[in-house]
Each structure stands twice: as C-alpha cells, then as structure tokens.
Amino acid sequence: MSFKYLLKESFIKTWNKISGGGYKKKFYETLAHPEPVEEVPSYFYKRFTVQKVIFDGQPYFTIKSKKRTSDCAILYMAGGGGLAGPTENHFKTLARLADTSGATICLAIYPPAPEHNVRFALRWLQKVYANLLKDFKSHKIILAGDGTGANLALSLCSRLANKPGRIVAISPAAGLGLKDCREPMEKAEPGDLFLSMESLDLISENWVGNVPPESPDLQPSAIDFTGFPPVQIFYGTKEIFYPMMGTLTAKIESTDTALEIHYKNMCHSWVLMQDIPEGRAAVKQIAAFVDKMLVS
C-alpha cells in the first residue's frame with residue numbers, strides 16, 4: 001500500500017474514533033437524506049463530449065473522451081445503497097476511465113429508493129441496455145458498478161438473454177440483507193472506514209423492500225454464473241463485505257466464467273480513490289480489461 005493511502009486511512013480512522021462516527025456517520029446521513037443527482041460536474045462538458053437525456057424519467061449521460069475513442073461502451077451503475085447518487089469520487093474515476101479506455105461511458109442514474117426497490121431499478125436498466133444495443137454490439141458493452149451498483153451489474157447480466165462482453169464489479173455488496181452474513185459483517189465493521197451496520201440496515205429497509213434477500217436480483221452469490229462473460233472483481237480486505245467475497249468468487253469460479261480478481265488490504269471501493277496510486281492503477285487495469293475486447 002502507498003504511503004498516501006496509509007496516511008489517508010490513519011486520518012479517517014482517527015477522525016471516526018474521536019468524533020463518534022465521523023465518516024461512517026456522514027455516509028449514513030448521505031443515505032438517510034440523499035440529494036438527487038441531475039447533472040454531471042460542469043467540467044465534464046468542457047473536457048468530454050457529453051449528452052444528457054431523460055430516459056423513462058431518469059437522467060442518463062453518455063460521456064466520450066476527446067483524447068481516445070473505441071467502439072466499446074461502459075454502462076456504469078454507481079453505488080450508494082440504491083439511495084444516494086454518484087459522488088465526486090465516481091465522477092473523477094469515470095473521467096479517468098473515459099480517457100484511459102476510450103470507451104463511451106454511459107452513466108445511468110437508476111430510480112432510487114425509497115420510492116423504488118432493486119427490482120424496479122433492474123427493469124429500468126434492462127430498458128437502458130436494450131436502447132444501448134441500438135448503437136453498440138452486445139459483446140462491445142461492459143456492465144460496471146461499485147457496491148450496490150456492482151450488484152446491479154451482475155444481477156442485470158443474469159436477466160439478459162443477449163449478454164454483454166464483460167463485467168466489472170467494484171466492492172460488490174456481497175451478503176447484503178442475509179441473516180447468516182450479519183455476524184461476520186459485524187466482526188468486519190470496525191475495520192471499514194465508511195460503512196456501518198446501521199447504514200446496511202437502512203439500505204436493506206429501503207432498497208431491498210419486499211425482495212427476498214436470497215434473490216439473484218439482490219444477492220450476487222445467488223446468481224447462476226453459467227454462460228456469463230468474463231468478470232473482473234476488485235475488493236478490499238478491510239471492508240465490511242470482505243467475509244462474503246470468498247463465497248462469491250468461488251461461485252463464479254465453479255462455472256465456465258473467466259474471473260479476474262484484484263484485492264488489496266484496503267477499504268471499501270478503494271478503486272474510486274483517484275488521489276492515491278492504487279486507485280489510478282486500478283483504472284488502468286479496468287482499461288486493460290476493456291482493451292481485450294478490442295482484439296477479441
């Protein structure tokens with residue numbers, strides 16, 4: 001791990017301790033009182049070719065690099081427990097990914113909780129994917145996301161007959177809502193910089209709704225990965241979902257699906273930290289994963 005990450009981790013841990021919650025409390029408040037995301041940052045319009053449309057009631061953005069282009073598209077679903085929209089960390093990561101990969105970034109602001117649950121969001125994303133097929137061949141589309149957005153990427157693929165070319169799952173919320181996973185999550189919680197059981201309970205109450213926690217629409221480890229395209233997974237050994245990552249990766253490896261795993265002794269969604277070397281290197285790894293499609 002880089003000195004910059006260790007310094008960042010030390011500061012957040014200290015602040016969490018002396019402030020009685022700090023970043024964990026801040027994340028919970030973001031989930032409890034989310035502000036809708038209607039726009040990308042203004043600098044995107046200067047740096048990229050951006051098109052915004054309202055697709056079936058929700059904002060949807062296509063972002064194209066002016067430095068490099070390819071015939072691939074990345075349909076990205078930001079995490080946030082199904083409650084909060086993309087953050088500045090998401091935008092910085094997507095900006096770097098657009099320039100590094102050349103792929104068209106399709107940022108889907110899917111319908112949020114509590115007005116809608118995970119199944120409503122998946123049905124909306126199926127429509128988005130069908131629309132994307134008008135401009136891109138299925139094997140040139142990558143489904144990607146972080147946290148609950150990574151779950152959506154995996155679950156969406158399981159619903160599709162015409163499957164995408166690849167999937168990138170960043171710190172998927174493995175075990176979310178499962179009673180058997182609660183105890184290991186509680187043990188892992190002290191090491192997580194941002195996520196608390198309180199936040200996960202809030203997500204379960206609003207995002208899960210009446211969907212059974214064991215459903216493949218919600219639970220990555222419940223998905224039948226037979227016939228899936230290659231999957232690239234990133235996660236941290238200090239995140240609250242880490243105890244369930246082994247079950248998820250074993251489930252994927254038990255099928256014919258190619259799996260590429262990247263993990264570090266770091267926090268949840270460390271890939272989105274573009275102010276540290278590890279986050280920037282991860283974007284290059286994702287871009288390399290995308291580049292393999294260009295020669296396949």
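The values are calculated or read from the model by the stated rules, or taken from the named source; none is laboratory data. The shown structure was predicted, so the numbers you read here are calculated from the model rather than taken from an experiment. Backbone-built Cβ (ideal geometry, glycine too); neighbour counts: all protein chains shown. Only protein heavy atoms, including side chains, enter the accessible area calculation; ligands, DNA and RNA are left aside. Shrake-Rupley method; radii C 1.70, N 1.55, O 1.52, S 1.80 Å.
Computed over protein heavy atoms with a 1.4 Å probe, the carbon and sulfur contribution to the accessible area of the chain reaches 54%. The listed residues Glu278, Glu115, Glu186 rank as Glu115, Glu186, Glu278 when sorted by accessible area, largest first, using a 1.4 Å probe.
Among the trypsin sites (Lys or Arg not before Pro) found in region 5-50, not one is both in a DSSP coil and sparsely packed, with 16 or fewer other Cβ atoms within 10 Å of its Cβ. The 3J(HN,Hα) values that the Karplus relation (6.51, -1.76, 1.60; θ = phi - 60°) gives for region 261-271 are, in residue order, 10, 10, 9, 9, 7, 9, 8, 4, 6, 4, 4 Hz. Gly and Pro appear as x. Look at (1) 1.31; (2) 1.11; (3) 0.93: the one that is Cα Rg over 2.2 N^0.38 Å derived from this structure is (3). Beta bridges per DSSP, both residues in the chain: antiparallel share near 35 percent.
Ordering Glu239, Glu214 by accessible surface, largest first, gives Glu214, Glu239; the 1.4 Å probe counts only protein heavy atoms, with every chain in place.
With the helix formula -39500 (n - 2.57) applied to DSSP H stretches of n ≥ 4, the chain reaches a computed 222 nm mean residue ellipticity of -12500 deg cm²/dmol. Rounded to the nearest whole Hz, the Karplus-based 3J(HN,Hα) values (6.51 cos²θ - 1.76 cosθ + 1.60, θ = phi - 60°) of region 187-194 follow the sequence 6, 7, 3, x, x, 7, 6, 10, with x at glycine and proline.
Quick check: from the Cα gyration tensor, does region 145-296 come out rounded (a/c under 1.5), prolate or oblate? Oblate shape, in that a/c is at least 1.5 and b/c is the bigger or equal ratio.
Ordered from largest to smallest accessible area (heavy atoms of protein chains, 1.4 Å probe), the residues Lys284, Lys140, Lys52 come out as Lys284, Lys52, Lys140. The figure for Val231 is an accessible area of roughly 0 square angstrom, using a 1.4 Å probe on the protein chains alone. Applying the criteria of a DSSP loop state and at most 14 other Cβ atoms within 10 Å to the GluC sites (Glu not before Pro) of region 29-88 yields Glu38, Glu39.
Taking 27 Å as the straight-line reach from the Cα of Lys64, the lysines in range (excluding those fewer than 8 positions away in the same chain) are Lys46, Lys52, Lys92, Lys127, Lys134, Lys137, Lys140, Lys163, Lys284, Lys292. Per residue, region 1-159 exposes 46 Å² of accessible surface when a 1.4 Å probe is rolled over the protein heavy atoms with every protein chain present. Residues whose amide H falls under 5 Å from that of Leu259, counting only those 5 or more places apart or on a different chain, are Val231, with hydrogens built in the peptide plane.
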